[in-house]
Amino acid sequence: MIDALRVLARPIAIAGGMLLVAVLVGGGALTTEQPALAGEGDHEGNLTVDVRDGVAPPTVPPTTPPKGPPITPPGRPGAGQQGSGSFVDTAGAPAAAPASPPAADEVSLGGVLFVGGLAGGYSPSLNPLAGQLQVWFTVRNASESTIDATADFWLEGPFGNRISHVDDVKVDALEPGEKRTISATLTGVGQWTFVSAHTTFTPPKQVDNAELSSFTRDANVFAPPWLIGVGIVVGLGFAAVRHFLRRVDVPMRLGEAA
């Protein structure tokens with residue numbers, strides 16, 4: 001009897017063990033699928049409660065990514081920063097105006113003053129011993145200073161003899177960049193025919209650190225001698241009249257050609 005019970009108890013124990021294992025496995029799976037419920041006394045420990053009521057949580061749109069820092073050109077400090085060195089912006093820098101080149105007849109004095117050539121115009125007179133010559137030249141101030149200067153003019157005959165002169169012509173307050181004409185009237189041209197005009201320009205000794213000295217310009221002028229011209233015309237006329245009168249005084253022979 002006892003042996004029969006032992007034989008019957010073995011399969012029952014095996015079946016019970018298998019059933020217990022199945023119950024434990026099923027209970028563990030159920031525990032992992034269902035959320036845990038918090039009890040009233042559960043206040044300690046790391047317990048996570050996941051309450052799901054079937055309503056999907058609202059979708060929060062992603063925030064706009066922050067803007068990057070402003071682009072700062074090389075050499076310029078950004079906002080709130082202090083930079084060292086210097087920055088030269090040549091994009092909008094105006095081009096410097098080039099200095100005007102000297103004229104063909106201008107002569108440079110130290111690169112700060114430019115003296116033009118001497119020119120003249122003859123005005124005859126009914127008085128054969130008179131007649132006058134207007135002479136002039138230009139001065140251009142290329143310095144950064146206002147200057148005062150003087151000019152002397154004189155007239156010479158064909159043999160180097162001085163005919164007339166005008167001294168100490170004032171050139172006052174010649175401003176930077178200004179171009180001025182300096183002129184004078186020389187008298188006594190008369191009948192000299194070929195005369196030469198001269199001028200000496202005397203600037204300040206120093207202008208903008210440039211050492212300057214006096215400068216002379218010359219010009220040859222032809223003054224038509226109207227008295228000599230009239231004498232030549234009168235002489236030719238007298239010779240023509242005399243020749244005609246001599247032909248009239250000679251008697252013509254009969255049959256001769258006139």
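Just so it is clear, none of the values below were taken in a lab; they were calculated from the coordinates. The structure displayed is predicted, hence computed values, not measured ones. Positions of Cβ are generated from backbone atoms using ideal geometry, with glycine treated the same way; all protein chains shown enter the neighbour counts.
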Additional length obtainable on full extension of the chain from SER183 to PHE215, 0.36 nm per residue less Cα span: 9.9 nm
Intensity falloff of the range 107-229 expressed as log10 I(q)/I(0), Debye formula with alpha-carbon point scatterers, at q = 0.11, 0.18 Å⁻¹: -0.41, -0.86
Simple spin-label estimate for ASN127 and PHE238 in nanometres, 7 Å along Cα-Cβ: 2.7 nm
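Only counting other Cβ atoms within 10 Å, I'd like LEU236, LEU186, LEU227 sorted with the fewest neighbours first.
On the way: LEU236 10, LEU186 23, LEU227 16.
The order, fewest Cβ neighbours first, is LEU236, LEU227, LEU186.
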